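**Student:** Encoded as structure tokens, here's the structure I'll be asking about.
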Amino acid sequence: RRKWPLVSVVIPAHNEALSIKRTLDSALASDYAKFELIIIDDGSKDDTVAIIRNYIKKHPKLRARSYTARYDWSKAGRQQRRYVRGQIGKHRVLLVSQINGGKASAMNNAITNHVRGELTMCLDADSILHPAAISRAVGYFKDRKVIGVAANVRVMSSKQWLGVLQRFEHMIGYRSKKFYSLTNSEFIIGGVASTYRTRALQRAGLYDTDTMTEDIGLSLKLISKKGNRRHRIVYAADVVAMTEGVQTFRGLLRQRYRWKMGNLQNLFKYRHLIGNTNHRKYSRMLTRYRMPMAVLSEVMLILEPVLLSYVVYLSISYHTPGILFGAYLTLTSYVLWTVWPDEHLTNRQKAQLSFLALGMYLLFYAMDIVQLYAAFQCLRQRHTITRRDGEHTWVSPLRTGQAASF
């Protein structure tokens, strides 16, 4: 009989009063029997801590006590760290408060001092887990080569154009991750519901804090140290989690700048992987295709306005509007090809998204503007790519706390 491993679900939280209860509810509704829940409050200024404490205290099956730990030394001086321990059902629940140090700092605190599981899942405090997500993630670790699993992250439905745009963008982006897993060239595990072997994280040295995207940095760090021949990170389409989209256009600009800067920082930091000829350690698809294409795609993004202007010029000069119409049909067909094979949508949802897909051609140009803004901001701050400052805290985007279901 197979021994099921203990999974430590770690939730780093900073000012998540509107969404944290929803996240806790989804985690505790899991169909997996052996998991513990560790919430790291990273210096929240709102009611996040009070909501979590009340959540633990009001739960009907509870044995809880709170206490103050010893004084610990840190960069900020002598700090008093507070803990709240509880038992909800069969699951150990732990709330840890620390000074604001960023998501990477919160995760490192949990893994170093509190995690007891063989596997560690990172769950963002604005997201919700599918009830079968943990058990499905555990299934991938039957393969001893697998050290990390990326979840299928979906954006909660929204009637606003910005929410619809992000929902389609995530669906298309995560569809391509299937190809990267099949070709053993995946190098990005996002932060939502990402799962790792705890020992692999500890041996690699945990999360780094010198880039803006600690999740990309961690997966690249694991690949750099262990290679992807004997060890693999994979994308799991059936490990589903949902997250809120960014609510404002200004917030989207800030988010995409952070994502792009963090991606470029990590590509530069691990540039030795690009074209690496150590094929006993790294796959050719990773070093000769995936990593170079990640760099080339950033170059193509900057050149896109020039190329698009040239296509429009040709269309007008030669009276061939069919060029633009053909581009519209191609992109719309690709979006529909993404929607209909989706294994997590009902036929009604597919029909609704298919109708919306007819207008996505123009909306994707809005996302191109956002990506271009982020790219040129990175060029302006190019010194940040090569000279990382080593400290990145977070500012949580605007939340709605909306209800969502799978």
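**Student:** Limited to the range 15-27, what total is found for residues that are within 19 Å of residue 120 (Cβ to Cβ) and either part of a strand (DSSP E or B) or touching a residue at least 40 places away in the same chain (Cβ under 8 Å) (or both)?
**Tutor:** Residues meeting the conditions: 3.
**Student:** Search the range 80-101 for residues that are under 20 Å from residue 47 (Cβ atoms) and at pLDDT 85 or above and pair each with any residue that is part of a loop (DSSP other than H, G, I, E, B) and among the hydroxyl-bearing types (Ser, Thr, Tyr) when their beta-carbon atoms are under 6 Å apart and the residues are at least 6 apart or on different chains.
**Tutor:** The qualifying pairs are 100/393.
**Student:** Hey, any hits in the range 306-328 for a residue that's open to solvent by less than 40 Å² (accessible area, probe 1.4 Å), touching a Lys or Arg at 6+ places or on another chain (Cβ under 6 Å) and of a type outside the set (Val, Ile, Thr)?
**Tutor:** So far as the range 306-328 goes, no, none of its residues is open to solvent by less than 40 Å² (accessible area, probe 1.4 Å), touching a Lys or Arg at 6+ places or on another chain (Cβ under 6 Å) and of a type outside the set (Val, Ile, Thr).
**Student:** When you go through 373, 310 one by one, which is the residue that is modelled with pLDDT under 90, out of contact with any strand residue (DSSP E or B) (no Cβ under 9 Å at 6 or more places or on another chain) and among the aromatic types (Phe, Trp, Tyr)?
**Tutor:** The match here is 310.
**Student:** Just to be sure, is residue 175 open to solvent by 30 Å² or more (accessible area, probe 1.4 Å), of a type in the set (Lys, Arg), closer than 30 Å to residue 45 by Cβ and under 17 Å from the mean Cα position of the chain (by Cα)?
**Tutor:** When the stated conditions are applied, residue 175 does not pass them.
**Student:** Would you say residue 291 is open to solvent by less than 20 Å² (accessible area, probe 1.4 Å) and more than 17 Å from residue 173 (Cα to Cα)? Can you show your working first?
**Tutor:** Values: open to solvent by less than 20 Å² (accessible area, probe 1.4 Å): yes; more than 17 Å from residue 173 (Cα to Cα): no.
Here the answer is no, as residue 291 does not meet what is asked.
**Student:** Restricting attention to the range 124-172, and to residues there that are of a type in the set (Asp, Glu) and within 20 Å of residue 20 (Cα to Cα), which single residue is nearest to the chain's Cα centre (by Cα)?
**Tutor:** Taking the candidates together, the pick is 124.
**Student:** Still on this structure: Could you grab me the full set of residues in the range 81-97 that are at negative phi and either in a loop (DSSP other than H, G, I, E, B) or open to solvent by 20 Å² or more (accessible area, probe 1.4 Å) (or both)?
**Tutor:** Once the filter is applied, which keeps residues that are at negative phi and either in a loop (DSSP other than H, G, I, E, B) or open to solvent by 20 Å² or more (accessible area, probe 1.4 Å) (or both), the range 81-97 yields 81, 82, 83, 85, 87, 90, 91, 92, 97.
**Student:** Another question about this same structure. If I go through the range 107-142 residue by residue, how many of them are in contact with a His (Cβ under 9 Å, 6 or more places away or on another chain) and in a helix (DSSP H, G or I)?
**Tutor:** 1
**Student:** In the range 338-358, which residues are free of Cβ contacts under 8 Å to residues at least 60 places away in the same chain, in contact with a helix residue (DSSP H, G or I) (Cβ under 9 Å, 6 or more places away or on another chain) and not in a helix (DSSP H, G or I)?
**Tutor:** 340, 341, 345, 358
**Student:** With respect to the numbered conditions (1) out of contact with any His (no Cβ under 6 Å at 6 or more places or on another chain); (2) modelled with pLDDT of 90 or more; (3) closer than 30 Å to residue 147 by Cα; (4) not in a loop (DSSP other than H, G, I, E, B), which one is the sole condition not fulfilled by residue 51?
**Tutor:** (3)
**Student:** Only one of 273, 264 is over 19 Å from residue 372 (Cα atoms), out of contact with any Gly (no Cβ under 6 Å at 6 or more places or on another chain) and of a type outside the set (D, E, K, R); which?
**Tutor:** Values: 264 fails: over 19 Å from residue 372 (Cα atoms).
Result: 273 is the single residue among 273, 264 that is over 19 Å from residue 372 (Cα atoms), out of contact with any Gly (no Cβ under 6 Å at 6 or more places or on another chain) and of a type outside the set (D, E, K, R).
**Student:** Can you list residue pairs whose Cβ atoms sit under 6 Å apart, with the first residue in the range 34-58 being open to solvent by 20 Å² or more (accessible area, probe 1.4 Å) and the second being β-branched (Val, Ile, Thr) and assigned to a helix (DSSP H, G or I)? Count only pairs 6 or more apart in sequence or on different chains.
**Tutor:** 51/20
**Student:** A further question on this structure: Hey, among 149, 138, which residue is crowded, with 20+ Cβ neighbours inside 10 Å, modelled with pLDDT of 95 or more and farther than 27 Å from residue 256 by Cα?
**Tutor:** Of 149, 138, the one residue that is crowded, with 20+ Cβ neighbours inside 10 Å, modelled with pLDDT of 95 or more and farther than 27 Å from residue 256 by Cα is 138.
**Student:** Filter the range 178-195 down to residues that are of a type in the set (A, V, I, L, M) and in a loop (DSSP other than H, G, I, E, B) and give me whichever is nearest to residue 119 (Cα to Cα). Explain how you work it out, then say what you get.
**Tutor:** Here is the first cut: in the range 178-195, the ones of a type in the set (A, V, I, L, M) are 182, 188-189, 192-193.
Now narrow it down to the ones that are in a loop (DSSP other than H, G, I, E, B): 188-189, 192-193.
Details: 188: 18, 189: 15, 192: 15, 193: 12 Å.
If we take residues in the range 178-195 being of a type in the set (A, V, I, L, M) and in a loop (DSSP other than H, G, I, E, B), then 193 is nearest to residue 119 (Cα to Cα).
**Student:** Quick one: how many residues across the range 255-287 are assigned to a helix (DSSP H, G or I), over 16 Å from the mean Cα position of the chain (by Cα) and surrounded by fewer than 19 Cβ atoms within 10 Å (Cβ to Cβ)?
**Tutor:** Residues meeting the conditions: 5.
**Student:** Could you tell me which numbered condition residue 225 fails, if it satisfies all but one of (1) within 28 Å of residue 101 (Cβ to Cβ); (2) in contact (Cβ under 8 Å) with a residue 24 or more places away in the chain; (3) open to solvent by 10 Å² or more (accessible area, probe 1.4 Å); (4) not in a loop (DSSP other than H, G, I, E, B)?
**Tutor:** All conditions are met except number (2).
The values are calculated or read from the model by the stated rules, or taken from the named source; none is laboratory data. Note that the structure is predicted; figures quoted are calculated from it, not measured. Note: ideal-geometry Cβ built from the backbone for every residue, glycine included; neighbour counts use all protein chains shown. Each accessible area value is taken on the protein alone, full model and side chains, heavy atoms only, with ligands, DNA and RNA left out. Shrake-Rupley method; radii C 1.70, N 1.55, O 1.52, S 1.80 Å.
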